[in-house]
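The values are calculated or read from the model by the stated rules, or taken from the named source; none is laboratory data. Values in this document were obtained by computation on a predicted structure and should not be read as measured data. Quick reminder, even Gly has a Cβ in these numbers, built from the backbone with ideal geometry, and neighbours come from all protein chains shown. For accessibility, only protein heavy atoms count, side chains too; no ligands or nucleic acids. Shrake-Rupley method; radii C 1.70, N 1.55, O 1.52, S 1.80 Å.
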Amino acid sequence: MEKNPETRLRELTDELAEIGFALPGTINVAMNRCGKPGCACHAEPPKLHGPYVTWTRKVSGKTVTRRFSAEQLERYRPWFENRRRLRELTAELEALSLEAAERAEGWEPAEPRSEDGRHRG
């Protein structure tokens, strides 16, 4: 059974109000081999260097990357999770709003389009 749109709207706004700090971007954790042939990172099994943690995001159209320590990663990981949840909730709120507007105005729901812009059939 589908929820009443107003009920779901209240749930979404309650969840949005609880989000807290939200950091944009991507976290990458890498383990690397160096260029020294005798290093343990080239052994079998290899003992790779790292982990190296980087945070990458766009600022004014340019890519900005910062290194994180393991402690920083643990400290800010919830903020990245908050950002992911914020995007999910925003997408759901937009879809719910579109449905409400279509219903209120008597509009036919728009046909979904494929990525190349053609109507899906």
(request) Check whether at least one residue in the range 6-15 is in a loop (DSSP other than H, G, I, E, B) and either open to solvent by 70 Å² or more (accessible area, probe 1.4 Å) or in contact with a Gly (Cβ under 9 Å, 6 or more places away or on another chain) (or both), and report yes or no. (result) no
(message) Are there strands (runs of 3 or more DSSP E) fully within the range 19-121 with at least 1 residues that are in contact with a Leu (Cβ under 6 Å, 6 or more places away or on another chain) and either without any contact (Cβ under 8 Å) to a residue 24 or more places away in the chain or of a type in the set (A, V, I, L, M, F, W, C) (or both)? List them.
(response) 26-32, 49-59
(request) Could you check how many residues of the range 39-66 are under 11 Å from Val29 (Cα atoms), of a type outside the set (A, V, I, L, M) and open to solvent by less than 70 Å² (accessible area, probe 1.4 Å)? (result) 3
(message) Residues that are of a type in the set (Gly, Ala, Ser), at pLDDT below 95 and either loosely packed, with under 11 Cβ neighbours inside 10 Å or over 17 Å from Arg10 (Cα atoms) (or both): does the range 80-98 have at least one?
(response) yes
